[in-house]
Amino acid sequence: MTEIFEPVGDFDRRLALGAAAAAGAGLVHDFNVAGVLEASDVHVASRLADLGGLDAARDASVVLAVALAVRAVRAGSVCVDLSTVAALAPGLAWPDPEAWAREIGGSALVEAGVLRLEGGLVYLDRYHRLETQVCADLLARVRAEAPVVDEAALSAALPRISDDHLSDEQREAVVRTVRQSTTVLTGGPGTGKTTTVARMLVLLADQAHARGERLSVALAAPTGKAATRLQEAVVGELAGLDPADRDRVGKPEAMTLHRLLGWRFDNQTRFRHDRSNRLKYDVVVVDETSMVELTMMGRLLEAVRPTSRLVLVGDPRQLTSVGAGAVLSDIVAGFEGPSDAAGQGSPVVSLTTNFRSTRDILELSEALRIGDADAVLERLRAPSDEVDFVETTDPGPALRSEAVASALAVRTAAEAGDPAAAVAALDHHRLLCAHREGPYGVRAWNKQVERWVTEETGQPVYGEWYVGRPLLVTSNDHTLEIYNGETGAAVRLPDGRLRAWISGSERLRDFAPGRLEAIETMHAMTIHKSQGSQAERITVLLPEADSRLLTRELFYTAVTRAQRHVTVVGTEAAVRSAVTTPAQRATGLVERLRGARSVVDPARET
């Protein structure tokens, strides 16, 4: 089972030993010592066992299941699959799956609703409720009565959006989106998802105009950077269309999902907009949906009005969310196939034709998509102006040139007092790492780039803040209105003051460095943090082949951040390990959707 979280070391495990021993659960103790369970997993399981009145010795396997369910959420899964979880540590004494399921099913914790057991999947109650809610809300939207379409207006508007930038495939996707209230628009990089979204908005605005109404649109994404890119791309696409159509669409408001739903200071998992206070928008478009975790998807589906259109856009082959769940890929898989038992078709619309000129990068990403390690290596090693492969166990010499050039470009603009040029320089090159810590991690390479810049300039870096420091916002700050994923640079003003300029959805904004807390240096960034952004040139530093973070989705996401050129630095073993290791997350949403679609809704038959 692959994971997105890095190990925290054995210190955390030693903290857990006392709790495991106190629980009297030999199994939990053994799994803790082996490093499968951490302190948080053991402590939560021990506490729930006490509250549920479990006998630590008799119910040891149930306590283990609770600890593993906690661990599963921490590692990105929604539940524990009893039939496959033994792959975590094959050498341990795992309970027999069938007997284990019977013990869990007859336990007081299941009776009390703390644990949920479904077909060999063990959930904490909260995540079971979230998953069933997401399934029910999606099916309700898909099975709802189709929106009323003014066919004459649609026929008249279609020629206005049809030009050389719109393929037949995209045109069909646009029309389908107009005809249904929920659309899941998928496609890899360069397939024209934004082009499709912009023209879909034109047709929907035209439909509203025919009714004498004005269309209200929200553009959203999980991070501020992704929201900014979505708005810029949509506005850019609209600029080439009929002025009357542009006026009807207006300038859609782009924001993070947290801002869209109305972040609350008093509750980190609930928002101002929910079933009792729906969003006002007629159309909600969410980009980079692969990054949306189960909890956020549940809150979004609660908040969107049943009569509003919801368009989920993304690439299901990219990395899944940092939080629990793999919602986009689950939705796509769950709606595969023909119409359901109620005669309802799938909301998934897939774009497959690629329009980018970067043929070699596209061939590399396609080889990654299908999981062909030989084809990936062949593409990496072939002569190319777009793809380079530096096979080495000493990455420093391979990374130095472009990393330093990028840092100096930002620094030069920052010293000249030009924040726009400094921030723009960030998008010329990105160094992407799988890890945060360790010899292949972001922290080490941020420091190394700073040392290289010092050697080049003869000016040492003193302290955290310095002219030309590239900035990455790592969490939402609703007070300052800066959001996770936004980037910026530290710039010296003409009066000598140092200011932090952050690129938001509307404009560059400057702050005193002391006001910013969740900020990291961005000479290097994790591949996870790079989602929702792009750069002209990307350098991917692969970790060692046995890294638990090294997966096909991670590699694919890194490669597809490149607009013109990608350099992969690592070993053949690391490449093969990544390509042959698909990310695995235990969830029940795919089967839940498939099962529900195979049953006719009685309400639709009456």
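The values are calculated or read from the model by the stated rules, or taken from the named source; none is laboratory data. The model shown is predicted, which means the values in this text are computed figures rather than measured ones. Neighbour counts are summed over all protein chains in view; Cβ atoms, including those assigned to glycine, are modelled from backbone coordinates with ideal geometry. What goes into the accessible areas is simple: the full protein's heavy atoms, side chains included, and nothing from ligands, DNA or RNA. Shrake-Rupley method; radii C 1.70, N 1.55, O 1.52, S 1.80 Å.
Among the residues of segment 476-522 satisfying the criterion of being in contact with an Asp or Glu (Cβ under 7 Å, 6 or more places away or on another chain) and modelled with pLDDT of 90 or more, which is most open to solvent (accessible area, probe 1.4 Å)? Even if it seems obvious, please write down each step before you answer.
Filtering segment 476-522 down to residues in contact with an Asp or Glu (Cβ under 7 Å, 6 or more places away or on another chain) leaves 492, 499-504, 518.
Among the residues that remain, those that are also modelled with pLDDT of 90 or more are: 492, 499-502.
Working: ARG492: 101, ARG499: 46, ALA500: 0, TRP501: 46, ILE502: 3 Å².
Result: ARG492.
Name every residue in segment 157-169 that is in contact with a helix residue (DSSP H, G or I) (Cβ under 8 Å, 6 or more places away or on another chain), in a helix (DSSP H, G or I) and either farther than 21 Å from ASP282 by Cα or without any contact (Cβ under 8 Å) to a residue 12 or more places away in the chain (or both), in order of residue number.
Keep residues of segment 157-169 that are in contact with a helix residue (DSSP H, G or I) (Cβ under 8 Å, 6 or more places away or on another chain), which gives 157-158, 160-162, 165-166.
Imposing the further condition that a residue be in a helix (DSSP H, G or I) reduces the set to 157-158, 160-161.
Within segment 157-169, ARG160 is the sole residue that qualifies.
Quick one: count up the residues across segment 440-455 that are touching a helix residue (DSSP H, G or I) at 6+ places or on another chain (Cβ under 9 Å) and free of Cβ contacts under 8 Å to residues at least 24 places away in the same chain. Let's see the steps before the verdict.
From segment 440-455, those touching a helix residue (DSSP H, G or I) at 6+ places or on another chain (Cβ under 9 Å) are 442, 445, 448-450, 452-453, 455; that's our starting set.
Those still in the list that are free of Cβ contacts under 8 Å to residues at least 24 places away in the same chain too: 455.
Total meeting the criteria: 1.
Quick one: how many residues across segment 414-423 are open to solvent by 50 Å² or more (accessible area, probe 1.4 Å) and either within 21 Å of ALA524 (Cβ to Cβ) or part of a helix (DSSP H, G or I) (or both)? Don't jump to the end; show me each part of the working.
Taking segment 414-423 first, the residues open to solvent by 50 Å² or more (accessible area, probe 1.4 Å) are 415-416, 418, 420.
Within this subset, residues satisfying the condition of being either within 21 Å of ALA524 (Cβ to Cβ) or part of a helix (DSSP H, G or I) (or both) are 415, 420.
Summing the residues that are open to solvent by 50 Å² or more (accessible area, probe 1.4 Å) and either within 21 Å of ALA524 (Cβ to Cβ) or part of a helix (DSSP H, G or I) (or both) in segment 414-423 gives 2.
Failed condition for GLY343, given (1) modelled with pLDDT of 95 or more; (2) out of contact with any Pro (no Cβ under 6 Å at 6 or more places or on another chain), with all others met?
(1)
If the Cβ limit is 6 Å and pairs must be 6+ apart or interchain, which residue in segment 393-406 that is touching a residue at least 24 places away in the same chain (Cβ under 8 Å) and among the hydrophobic types (A, V, I, L, M, F, W, C) pairs with which residue that is open to solvent by less than 20 Å² (accessible area, probe 1.4 Å) and not in a helix (DSSP H, G or I)?
ALA398/VAL569; ALA403/LEU431
Does ARG211 satisfy the criteria of being more than 20 Å from the chain's Cα centre (by Cα) and either open to solvent by 60 Å² or more (accessible area, probe 1.4 Å) or of a type in the set (Asp, Glu) (or both)?
Details: more than 20 Å from the chain's Cα centre (by Cα): yes; either open to solvent by 60 Å² or more (accessible area, probe 1.4 Å) or of a type in the set (Asp, Glu) (or both): yes.
Answer is yes for this residue.
Consider only pairs whose beta carbons are under 7 Å apart and that are at least six residues apart or on different chains; among these, list those whose first residue lies in segment 357-370 and is aliphatic (A, V, I, L, M) and whose second residue is at pLDDT below 95 and surrounded by fewer than 15 Cβ atoms within 10 Å (Cβ to Cβ).
Cβ pairs passing all conditions: LEU362/ARG356.
Within segment 512-562, can you find the residues that are more than 25 Å from SER577 (Cβ to Cβ) and assigned to a helix (DSSP H, G or I)?
PRO513, GLY514, ARG515
Select from segment 346-381 the residues that are open to solvent by 30 Å² or more (accessible area, probe 1.4 Å), over 19 Å from GLU536 (Cβ atoms) and in a loop (DSSP other than H, G, I, E, B) and list them in ascending order.
THR352, THR353, ASP372, listed by residue number.
Among the residues of segment 257-303, what is the count of those that are touching a residue at least 60 places away in the same chain (Cβ under 8 Å) and touching a Pro at 6+ places or on another chain (Cβ under 7 Å)?
Residues that pass the stated criteria total 4.
Which number in (1) surrounded by fewer than 19 Cβ atoms within 10 Å (Cβ to Cβ); (2) more than 29 Å from ASP330 (Cα to Cα); (3) among the β-branched types (Val, Ile, Thr) marks the one condition that THR132 misses?
If we test THR132 against (1) surrounded by fewer than 19 Cβ atoms within 10 Å (Cβ to Cβ); (2) more than 29 Å from ASP330 (Cα to Cα); (3) among the β-branched types (Val, Ile, Thr), just (2) comes out false.
So which residues in segment 441-464 are within 27 Å of ARG229 (Cβ to Cβ) and open to solvent by less than 60 Å² (accessible area, probe 1.4 Å)?
Initial filter on segment 441-464 (within 27 Å of ARG229 (Cβ to Cβ)): 441-443, 445-446, 449.
Answer for segment 441-464, where residues must be within 27 Å of ARG229 (Cβ to Cβ) and open to solvent by less than 60 Å² (accessible area, probe 1.4 Å): GLY441, VAL442, TRP445, ASN446, VAL449.
What do you reckon, is ARG102 charged (D, E, K, R), surrounded by fewer than 22 Cβ atoms within 10 Å (Cβ to Cβ) and farther than 16 Å from HIS29 by Cβ? First the steps, then the outcome.
Values: charged (D, E, K, R): yes; surrounded by fewer than 22 Cβ atoms within 10 Å (Cβ to Cβ): yes; farther than 16 Å from HIS29 by Cβ: yes.
Against the criterion (charged (D, E, K, R), surrounded by fewer than 22 Cβ atoms within 10 Å (Cβ to Cβ) and farther than 16 Å from HIS29 by Cβ), ARG102 qualifies.
Of VAL142, VAL122, VAL114, VAL149, which residue is open to solvent by 40 Å² or more (accessible area, probe 1.4 Å) and β-branched (Val, Ile, Thr)? Can you show your working first?
Working: VAL142 fails: open to solvent by 40 Å² or more (accessible area, probe 1.4 Å); VAL122 fails: open to solvent by 40 Å² or more (accessible area, probe 1.4 Å); VAL149 fails: open to solvent by 40 Å² or more (accessible area, probe 1.4 Å).
Step by step, each of VAL142, VAL122, VAL114, VAL149 is checked, and only VAL114 is open to solvent by 40 Å² or more (accessible area, probe 1.4 Å) and β-branched (Val, Ile, Thr).
Of all the helices (runs of 4 or more DSSP H) wholly in segment 175-292, which have at least 1 residues that are within 30 Å of ASP360 (Cβ to Cβ)? First the steps, then the outcome.
Values: elements: 193-210, 224-238, 243-249, 257-261.
Output list reads 193-210, 224-238.
Quick one: which residue in LEU542, LEU516 is more than 19 Å from the chain's Cα centre (by Cα) and closer than 25 Å to THR412 by Cα? Give the derivation first.
Numbers: LEU542 fails: closer than 25 Å to THR412 by Cα.
Checking each option against the conditions leaves just LEU516.
Do the conditions hold for THR183, that is, is it touching a residue at least 24 places away in the same chain (Cβ under 8 Å) and touching a helix residue (DSSP H, G or I) at 6+ places or on another chain (Cβ under 8 Å)? Outline the logic, then answer.
Details: touching a residue at least 24 places away in the same chain (Cβ under 8 Å): yes; touching a helix residue (DSSP H, G or I) at 6+ places or on another chain (Cβ under 8 Å): yes.
Here the answer is yes, as THR183 does meet what is asked.
Taking LEU319, is it within 19 Å of the chain's Cα centre (by Cα), within 24 Å of PRO189 (Cβ to Cβ) and modelled with pLDDT of 90 or more?
Numbers: within 19 Å of the chain's Cα centre (by Cα): yes; within 24 Å of PRO189 (Cβ to Cβ): yes; modelled with pLDDT of 90 or more: no.
Answer is no for this residue.
I need the full set of residues from segment 456-498 which are in contact (Cβ under 8 Å) with a residue 40 or more places away in the chain, farther than 21 Å from SER530 by Cβ and assigned to a strand (DSSP E or B), in order please.
The answer is VAL491, ARG492.
Listed residues VAL33, VAL66, VAL28; which is at pLDDT below 90 and open to solvent by less than 60 Å² (accessible area, probe 1.4 Å)?
Details: VAL33 fails: open to solvent by less than 60 Å² (accessible area, probe 1.4 Å); VAL66 fails: at pLDDT below 90.
Only one candidate passes the filter, namely VAL28.
Consider only pairs whose beta carbons are under 6 Å apart and that are at least six residues apart or on different chains; among these, list those whose first residue lies in segment 544-559 and is over 14 Å from HIS435 (Cα atoms) and in contact (Cβ under 8 Å) with a residue 12 or more places away in the chain and whose second residue is open to solvent by 40 Å² or more (accessible area, probe 1.4 Å) and in a loop (DSSP other than H, G, I, E, B).
Correct list of pairs: ARG552/PRO582; GLU553/ALA583; TYR556/ARG317.
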